[in-house]
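The structure under discussion is supplied below as structure tokens; questions concerning it will follow.
What follows draws every value from the coordinates through simple rules; no lab data is involved. Nothing here was measured: the structure is a model prediction, and the numbers come from that model. Heads up, the Cβs are rebuilt from the backbone with ideal geometry, glycines too, and the neighbour counts pull from every protein chain shown.
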Amino acid sequence: MSASILILGACGQIGTELTLALRELYGNEAVVASDIREGGEELMNTGPFELLDATDYTALEDVVMHYEVQEIYLMAAMLSAASEKFPERAWNLNMNSLFNVLNLAKEQKIDKVFWPSSIAVFGKHTPKERTPQRTIMEPSTVYGISKQAGERWCNYYHRKFGVDVRSVRYPGLISWKTLPGGGTTDYAVEIFHEALNQNSYCCFLKDDAKLPMMFMEDAIKATIQIMAVAEESISVRSSYNLSSMSFSPAELAASIQTHLPDFKISYDPDFRQEIAATWPSSIDDSVARKDWGWSPKFDLEQTTAIMLQKLKEKR
Ligand code: SER
């Protein structure tokens, strides 16, 4: 058996769509999906799948050897809100999976690594608008600390051992195929489901909690693009800022109301509002644009239209 790409956390919100996109691009057999649980029908039926715990180095190494894996996309992680509830588990999962993958690359068992960072690396002292690539980063959440530490380790493994690791700081991601889980930006997906289910949504963030967001297709495009460019194009070995749109819950609700005029939003902020309050409102991604030609396609209007359309078709 021979394949070249392994996705860890393939059944999650990003992993599902990334796996399908990579299979489309490189062929079904070339892309091995793996997760600690089975995923949706399309993912399970279109190519190889392995039940795999990304924190288990030996099991991971076995899969890498068996399929002759050259590239790993590490999408397994505990997100921000869940990590506040299970700090130790979050730290173990988020860091040990990264070390496993970086060490496989250091030992030259694989050639290339993709590992996502997040807007959660920033904190309340970071400039909020058009947050620069390099700036104050004092994350206050367990998740943010794990992502910031991960960024430094990626940079270290690149400098010290020549590991070809590439990374972007994803904003909140909006998708219709697989639900997110345990994140602070999850509201921006839930709201579409509830709009269609009951024409109303009670938001766990405040009406004006403006955050950087992105439609999944753009996030997948960025991921595939950064992995495909020549090594010399990558000047940032921690993680690249990535941006497409920013909006608040009130602005998202207004956008939904252009399709569903009777849609009602109410607000009952919980602990996730405190997390959101420490994150940027918008991101300056000019370094990614310059280095590897990043440019997003979807704005809020298009995202809303596609989300409502696709979720309706799915029902
Ligand atoms: N969307 C993630 C979260 O909310 C941030 O990376 O946790």
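Cα to Cα, under 25 Å, and not fewer than 8 places away if on the same chain: which lysines meet these conditions relative to Lys221?
Of all the lysines, those that pass the test against Lys221 - Cα under 25 Å, at least 8 places apart if same chain - are Lys112, Lys147, Lys177, Lys210, Lys290, Lys297, Lys310, Lys312, Lys314.
Okay, which of segment 257-278 sit inside 14 Å, backbone N to the point 7 Å along the Cα-Cβ direction of Ser200?
262-268
Peptides 5-11, 39-45: what's the order by average Cβ count within 10 Å, highest mean first?
Details: 5-11: 26.6, 39-45: 13.7.
Ranking the peptides 5-11, 39-45 by packing returns 5-11, 39-45.
With no solvent and one equal point scatterer per Cα, compute the Debye intensity ratio I(q)/I(0) for segment 217-315 at 0.16, 0.23, 0.24 Å⁻¹ and report its log10, rounded to two decimals.
These q points yield log10 I(q)/I(0) values of -0.90, -1.21, -1.25.
Further, regarding this structure: For segment 106-219, what is the convex hull (Cα atoms) projected area averaged across all directions, in square nanometres?
9.1 nm²
Moving on. At 0.36 nm per residue, minus the direct Cα-Cα distance, what do Lys106 and Ser235 gain on full extension? Give it in nm, one decimal, please.
Working: separation 129, 0.36 × 129 = 46.44 nm, distance 1.95 nm.
Going from the current span to full extension adds 44.5 nm.
Which net charge results when you count Lys and Arg as +1 and Asp and Glu as -1 among the other residues whose beta-carbon is under 11 Å from that of Glu151?
+4
Expressed as an acute angle from 0 to 90° and rounded to the nearest 10, what is the orientation of the C-alpha long axis of helix 187-198 relative to the principal long axis of the chain?
The angle comes out at about 50 degrees.
Still on this structure, I have one more. Set Lys and Arg Cβ to +1 and Asp and Glu Cβ to -1, take the dipole of the chain about its Cα centre, and tell me which of Pro127, Val287, Val113 lies farthest positive.
Pro127
Could you compute Rg(Cα) / (2.2 N^0.38 Å) for the chain, with N its residue count?
0.96
Bin width 10 Å, origin at 0, all Cα-Cα pairs of segment 65-110: what percent of pairs per bin?
Whole-percent P(r) values from 0 Å outward: 26, 43, 23, 9.
Also, quick follow-up: In whole percent, what relative contact order does the chain give with Cα contacts below 8 Å and a gap of six or more residues?
18 percent
Quick one: pull the percentage of alpha-carbon pairs in segment 12-128 with a separation above 18 Å.
So the pairs more than 18 Å apart make up 55 percent of the total in segment 12-128.
Pull up the DSSP beta bridges for the chain and report the antiparallel fraction as a percent, rounded to 5.
10 percent
Related question: If you take every residue apart from Ser200 with its C-beta less than 15 Å away from the C-beta of Ser200, what net charge results, scoring Lys and Arg +1 and Asp and Glu -1? Please report the intermediate quantities before stating the final value.
On the way: positive: Lys264; negative: Glu190, Glu194, Asp207, Asp262, Asp268.
Local charge sum for Ser200: -4.
Out of residues 5 or more away from Arg169 or on other chains, whose amide H comes under 5 Å of its own, with H placed 1.01 Å from N in the peptide plane?
Amide H neighbours of Arg169: Ser117, Tyr240, Asn241, Leu242.
Restricting to segment 136-247, what percent of DSSP beta bridges are antiparallel, rounded to 5?
Working: 3 of 8 bridges.
The answer is about 40 percent antiparallel.
Continuing with this model, one more query. Tell me the angle of helix 57-66 to the major Cα principal axis of the chain, expressed in degrees between 0 and 90 and rounded to the nearest ten.
Relative to the chain, helix 57-66 is tipped by roughly 70 degrees.
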